[in-house]
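Rule-based calculations on the coordinates, nothing more; no lab input. Being a predicted model, the structure only gives us computed values, none of them experimental. Please note: Cβ atoms are built from the backbone with ideal geometry, for glycine as well, and neighbour counts cover all protein chains shown.
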Amino acid sequence: MGRTPAASPTTKSATTPDGELKQITVLFADVSGSTELIESLDPEEAARRLGPALAAMQEAVRRFEGSVIKVQGDGIMALFGAPNPQEDHAVRACCAGLAMQASIKALPGDPLPIRVGIHSGEVLARTVATDFSTDFDATGITVHIANRLESLAPGGGIVVSPSTRRAARQFISVQSLGPQPIRGLSAPLEIFQLTGLRRGPTSQRFSDEGTRASFVGRERELALLERSLERVAEGDGCAVGLVAEAGVGKSRLCFEFAERCRTAGVRVLEGRALAHSRATPFEPVIDVLKAFFEIVADDSPAQAREKVVAQLDRFDHELTTELPLLTDFLGIADPIQLREKLDPAARRDRLNTLLRRLARLAGRDEPAVVLIEDLHFMDSGSESLIEVLVEALAGTRILLLVNFRPGYAAPWMRGDRYDQISLAPLRQTAADALAAHLLGDDESVAPLLPLIADRARGNPFFIEELVRKFDESGHLAGETGAYRLLRAPDMKLIPDNVQAIVAARIDSRPEMERTLLQTAAVIGREFVAPILEHVAGIAGPLVSAALHRLSMAGLVYETSGTPVGSFAFRHPMVQEVLYHSLVSERRRALHASVAAELEQTLPDPGGAQAGFIAYHLEEAGNLPQAASYNMKAAMWHGTRDPAQALDAWKRVRRLLLGLPLEGPARYPLLMASGQIVNFAWREGLTAADVEPYYIEALGIASSLGDMRAITLVTAAYGRALASTGSAIDYVAKVSEARARLHPQNHAGLHTLLTAIRCHALRLGGDLPAALAENDAALENAHLVEEQDQQTLGFRVLVWIKGMRGQTLTMMGRFDEARALAAELIAGDEATVDVLHRLLAHAIMTDIAWGLGDVALATEHSAAAHRLGEKSGNPYLMVYGRAYAGLGQSMRGEFSEATTTLNGVLREARRRNAGLENEARILCDLAYVQMRAGLAERAQATAEEAAAVARRRGAKIWLAYAEWLMGGPTSTAFKELVVETGAELLTRLPDPRRP
């Protein structure tokens with residue numbers, strides 16, 4: 001093991017003694033055939049023979065800032081990315097492998113062939129303290145695979161895994177060795193031999209990718225760069241800096257601008273600083289100069305020198321006197337020619353003068369762009385040469401375009417020849433367009449779009465990497481732009497490259513700040529300072545100061561909401577990477593502490609925040625308590641947000657199914673299953689969807705002899721049947737349930753079922769019978785118990801009045817219905833929920849329909865539509881849009897009404913929401929088509945409406961369809977009006993008449 005001095009209390013460490021999960025790259029290297037080599041040597045001779053090779057291996061690792069953690073016999077184990085944070089750990093490991101090969105070959109005597117294996121993946125990284133030192137260790141399958149790859153490498157070869165190749169794909173050249181069996185793995189693994197590095201033009205990584213993502217959302221920034229190019233074309237050389245966080249699109253914007261320049265005949269010279277630039281100084285400037293002299297990777301040193309001479313002759317023959325200095329700097333010096341010995345300061349001054357002269361000559365006649373990327377990684381030597389270049393810009397036609405991350409600054413940026421452009425994340429529309437371009441337009445991938453948008457937050461690189469991760473993990477099938485979603489996406493997946501970037505930022509912070517960040521990540525994307533203090537066990541002033549520093553570093557920010565001291569992570573991926581880094585035992589302990597703190601500090605832990613507590617309890621492994629708090633959350637949401645309530649009840653059931661419950665202890669499970677059935681019609685679940693829950697709940701209720709539960713779950717299942725099946729079945733189920741009850745023994749429950757039967761009869765089209773049931777329910781509404789009202793999720797009296805208004809409207813008793821609707825509209829929101837408020841506006845729209853009052857219909861159809869859209873509830877959205885279509889129809893906006901009603905039908909059928917209104921919507925559509933003169937189409941639509949109405953047992957809408965097909969004198973229509981009592985239909989204007 002590698003040894004380091006025991007850490008003092010102030011020593012920074014990137015891991016805790018308990019360990020953290022980290023994405024790193026592991027390198028193993030050894031001398032091939034070493035046993036045969038030292039078989040006849042004593043230990044000292046063996047050490048002398050192998051020592052130089054081992055030293056060369058270690059030096060190569062240290063050159064690229066890796067950590068040798070084990071030296072044993074003839075080989076080493078090294079880590080990149082831990083304990084030193086490095087976002088390019090895979091690239092560094094590959095560079096180190098190639099460097100140690102070169103160093104071994106340069107050793108005197110017979111070269112020793114070495115084998116190198118490199119693999120990137122997750123490890124448990126931790127420090128292990130002993131009495132004398134602190135050892136760093138990494139364990140996990142990643143370490144084993146790297147070790148196995150070393151054994152598969154040929155002598156003198158370097159083998160990398162697919163994950164390393166993927167992480168370093170822009171910078172390395174490899175050759176596939178095909179799938180190979182790896183001891184310990186269930187399936188063969190394709191491995192690759194590392195053959196070299198690829199520097200080339202920085203933009204090559206975009207031009208080489210045939211599946212390059214679309215370029216969106218940067219029109220403003222491109223225009224600014226175009227104006228800068230116009231400026232330099234007039235002889236006013238300048239520099240422009242693009243600043244943005246990692247992944248926001250600096251490099252892509254530079255590529256697109258460079259491509260436009262090349263198309264316009266403007267020369268572009270590129271260079272890029274890498275994260276390990278300190279190990280390869282001056283590389284960005286060397287790349288620019290090689291591009292200037294048109295030197296390519298395949299050129300031999302002699303060919304390269306010829307190109308340099310030709311260019312120098314072209315501009316100024318006197319410059320050839322500096323040829324030895326220049327070729328030495330470029331690494332292409334003539335080995336025969338004696339090198340002039342210069343002290344470093346003199347050499348630097350001559351290089352500066354040469355670069356200044358070359359810049360002024362190169363930018364004298366034609367515009368050119370010098371593009372240098374990632375200044376935040378640049379070595380100090382390159383920085384000084386960039387400053388020289390900036391000084392030379394005046395009077396040239398050179399545009400120096402640089403990019404870097406926030407926090408980088410250079411003295412020359414304060415000059416008047418420098419402009420800066422800040423890149424923000426993509427706007428939502430542009431980000432969605434990028435994700436849609438990558439995924440394609442298959443319906444199955446539509447649910448991924450909002451999920452990716454939520455996690456990427458406008459970062460194009462994150463969007464691309466998330467799509468790539470879903471593809472590699474088997475969630476997607478197909479290819480870029482034409483994917484299909486195969487299974488529900490695992491939103492815990494974090495792309496390796498994204499994790500490397502984020503983790504490097506986090507690991508560079510001091511230990512206390514990392515502890516606070518990890519604790520905050522467990523609390524959630526948003527957190528408050530007092531809870532963070534108590535859970536982390538760190539004093540308030542220290543936490544406040546640390547949060548200020550983390551805010552300045554762009555990792556968190558203070559929100560403007562309440563309570564005071566509320567913070568949020570700057571980007572969701574920061575929280576996700578932090579959370580994922582915690583080992584499971586520590587994560588569970590933190591969740592338990594957060595739950596306990598919330599229970600103590602929240603003013604109403606059983607209210608709006610109950611679900612938050614439940615989440616932490618579940619993650620802590622406390623399933624019974626998690627189920628209890630989820631139940632509280634479901635009850636709280638029941639009258640406010642049906643979707644949230646349904647999700648909470650599903651969580652309750654999932655948690656309880658994992659517990660050994662017997663007898664009365666099964667009541668919570670009964671309640672959960674029953675409530676899933678109860679909320680089905682509002683959230684687009686079909687009767688078939690909820691049938692298993694109905695059977696489960698009915699079985700538990702029967703075993704417990706609970707008549708109330710049997711009755712309510714039967715009625716709820718009937719309502720689900722009405723939504724996607726037949727109103728006739730609904731009436732039968734409710735009648736069956738009520739028949740089990742004695743009115744005197746279960747007065748409140750009997751009243752509730754009477755109200756439900758009113759609803760079923762109205763949907764079925766027996767308006768007189770529905771009104772009679774409504775009379776009885778209205779008289780006894782006060783008997784309905786509060787727990788049953790909570791079960792339904794709304795106030796029963798409000799519901800009874802709403803149904804009464806609907807029934808009276810269809811019976812043509814408009815004045816009575818209008819008064820009820822007005823009462824609901826005027827009611828406060830705590831009493832009249834959004835469902836019944838929308839229902840009241842629907843009643844008024846139907847009254848306007850029957851009266852032919854366009855203004856009244858316009859007012860209330862618009863209100864119904866607004867409420868439906870605002871709710872986000874599928875059922876209410878279908879309801880509101882259908883009435884919007886009716887309003888358009890009454891205004892004579894036939895094209896708009898057709899579009900609206902067709903859209904409503906598609907949405908209702910796709911989401912199984914509001915399908916009890918399907919026949920009505922079809923009738924309204926047929927009416928519009930008839931008014932628009934599309935007689936044949938209207939006839940076909942009306943026939944479809946009649947068929948749907950018969951199937952659903954909806955006699956009112958069957959009457960409407962008969963009226964459309966046969967007119968007001970149709971016998972079938974007249975008979976159905978008498979049977980249903982739907983007098984409103986007789987007052988409608990005949991669409992056949994002009």
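Ranking of C758, C238, C94 by neighbouring Cβ atoms within 10 Å, starting from the fewest: C238, C758, C94.
Amide H contacts for L197 (H built 1.01 Å from N in the peptide plane; partners 5 or more residues away or on another chain; cut-off under 5 Å): S173. Once the dipole of the chain is set up with Lys and Arg at +1 and Asp and Glu at -1 on Cβ about the Cα centre, which of A938, A102, L400 lies farthest towards its positive end? Projecting each Cα onto the dipole axis, the largest value belongs to A938. The phi-based Karplus calculation (6.51 cos²θ - 1.76 cosθ + 1.60; θ = phi - 60°) puts the 3J(HN,Hα) values of segment 492-503 at 8, 5, 10, x, 4, 5, 5, 4, 5, 5, 5, 4 Hz, whole numbers, x for Gly and Pro. Taken about its Cα centre, the chain carries a charge dipole of roughly 780 debye when the Cβ of each Lys and Arg holds +1 and the Cβ of each Asp and Glu holds -1.
Using a Förster radius of 30 Å, what is the FRET efficiency between A297 and R227 based on their Cβ-Cβ separation? Nearest 0.05, please.
According to the calculation, E is roughly 0.30.
What do you get for the angle between helix 747-764 and the principal long axis of the chain? Use alpha-carbon atoms, 0 to 90 degrees, nearest ten. On a 0 to 90 degree scale, this one is about 90. Note that segment 806-856, at 37 °C in a medium of 0.692 mPa s, gets a Stokes-Einstein diffusion coefficient of 300 µm²/s from its Kirkwood radius over C-alpha pairs. Average projection, convex hull of the Cα set of segment 294-363: 4.9 square nanometres.
Among the listed pairs K492/K650; K801/K870; K105/K290; K250/K469, those with a Cα-Cα distance over 25 Å are K105/K290. Per-residue 3J(HN,Hα) values for segment 927-937, derived from phi via the Karplus relation 6.51 cos²θ - 1.76 cosθ + 1.60 with θ = phi - 60°, read 4, 4, 4, 5, 5, 7, x, 9, 4, 5, 5 Hz in sequence order (x marks Gly and Pro). Residue order for L704, L400, fewest other beta carbons within 10 angstrom first, comes to L704, L400.
Looking at segment 509-628, what % of the alpha carbon pairs are farther apart than 19 Å?
Working: 3129 of 7140 pairs.
Of all Cα-Cα pairs in segment 509-628, 44 percent lie more than 19 Å apart.
Counting every alpha-carbon pair across segment 363-457, the share separated by more than 23 Å comes to 49%. Phi angles of segment 63-75 translate, via the Karplus equation with coefficients 6.51, -1.76, 1.60 and θ = phi - 60°, into HN-Hα couplings of 4, 9, 6, x, 10, 7, 9, 8, 10, 9, x, 10, x Hz per residue; Gly and Pro are given as x. Proximity of backbone amide H atoms, modeled 1.01 Å from N, is registered between I421 and G241, L242, V243 at under 5 Å, excluding neighbours fewer than 5 places apart on the same chain.
Give me the net charge of R666's neighbourhood, meaning all other residues with Cβ under 11 Å from the Cβ of R666; Lys, Arg count +1, Asp, Glu -1.
Working: positive: none; negative: E662, E696, D706.
Value of the local net charge: -3.
Shape annotation for segment 406-548: C-alpha extents along the principal axes are 53, 50, 23 Å, from largest to smallest. Rg and Dmax of segment 204-422, based on Cα coordinates, read 17.3, 55 Å. Sorted largest first, the spans of the alpha carbon positions of segment 807-987 along the three principal axes are 46, 34, 30 Å. Distances between placed amide hydrogens fall under 5 Å for L274 paired with no residue 5 or more residues away or on another chain. Seen against the Cα atoms of the chain and their longest principal axis, helix 380-391 is set at about 80 degrees. Here the sum of -39500 (n - 2.57) over DSSP H runs of 4 or more residues, divided by the residues of the chain, equals -18000 deg cm²/dmol at 222 nm, to the nearest 500.
So what's Rg/Rh here for segment 428-492, counting alpha carbon atoms and using the Kirkwood radius for Rh? Please list the in-between numbers first.
Details: Rg = 10.3 Å, Rh = 11.3 Å.
Computed over Cα atoms, the ratio is 0.90.
With N as its number of residues, segment 3-197 has a Cα radius of gyration that, divided by 2.2 N^0.38 Å, comes to 1.02. For segment 672-780, what does the alpha-carbon gyration tensor say about shape, rounded, prolate or oblate, given a ≥ b ≥ c as the root eigenvalues, a/c under 1.5 as rounded, and a/b over b/c as prolate? Here segment 672-780 falls in the oblate category.
Net charge within 12 Å of L371 by Cβ-Cβ distance, Lys/Arg positive one each and Asp/Glu negative one each, not counting L371 itself?
Details: positive: K250, R262, R267, R272; negative: E256, E259, E270, D287, E373, D374.
Here the charged neighbours net out to -2.
Across all directions, the shadow cast by the convex hull of the chain built on its C-alpha atoms averages 51.8 square nanometres.
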